[in-house]
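Working notes, beginning with the structure itself.
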Amino acid sequence: AWRGSALPEAFPSSLGTGAQMTTFYGQLNPDQLSRWQHWFRLYRELELSNGEYLNLYDIAFDNPEIHVIRKGRELFYGIFAALWASNRPIELRGLDPAATYRVTDFASGRELGEVSGAKPVFLAGFKNSLLLRLSPIGGQGKGTQ
């Protein structure tokens, strides 16, 4: 069992909202230590807590719950729902309408395709969380101003 002063395995929600991650875990088994190292490596590499939080969604009324952090020309989306079907669209607000973006699940590193800023809708099913990194393709994309 996870022991400490934080929620057990709350890593996706911390990273996906741009929070500063800290833990006080002790005596982790090898599986827990591996997961801890994975999430903190991502935290240190991406430094999303140093990004700009864009207030593009109303977390009380928009579904799924979405948080967006801008770092340079890239946008990072922390998307949360108990269960989201793959045929339900996710509106990705904040994209440059003149750009096309590469979409990556930044928790796993998996490439998920592309999305046009002119039609910023993405289809993906997930349980609990989906962490997306949108990178403008080529010289396109100025980001939001």
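Tabulated data for the structure shown
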read-out	value
Pair list, Cβ under 7 Å, 6 or more apart: region 79-94 residue of a type in the set (Asp, Glu), other residue surrounded by 10 or more Cβ atoms within 10 Å (Cβ to Cβ)	91/120; 91/121
Region 61-107, subset of a type in the set (Gly, Ala, Ser) and within 11 Å of the chain's Cα centre (by Cα), residue least open to solvent (accessible area, probe 1.4 Å)	78
Residue match in region 98-116 (condition: assigned to a loop (DSSP other than H, G, I, E, B), without any contact (Cβ under 8 Å) to a residue 40 or more places away in the chain, of a type outside the set (Lys, Arg) and over 22 Å from residue 11 (Cα atoms))	no
Residues of region 35-55 classified as open to solvent by 60 Å² or more (accessible area, probe 1.4 Å) and either assigned to a loop (DSSP other than H, G, I, E, B) or modelled with pLDDT of 85 or more (or both), total	9
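The values are calculated or read from the model by the stated rules, or taken from the named source; none is laboratory data. Values in this document were obtained by computation on a predicted structure and should not be read as measured data. Note that we place each Cβ from the backbone using ideal geometry, even for glycine, and neighbour counts take in every protein chain shown. Accessible surface is based on the protein model in full, side chains and every heavy atom, while ligands, DNA and RNA are left aside. Shrake-Rupley method; radii C 1.70, N 1.55, O 1.52, S 1.80 Å.
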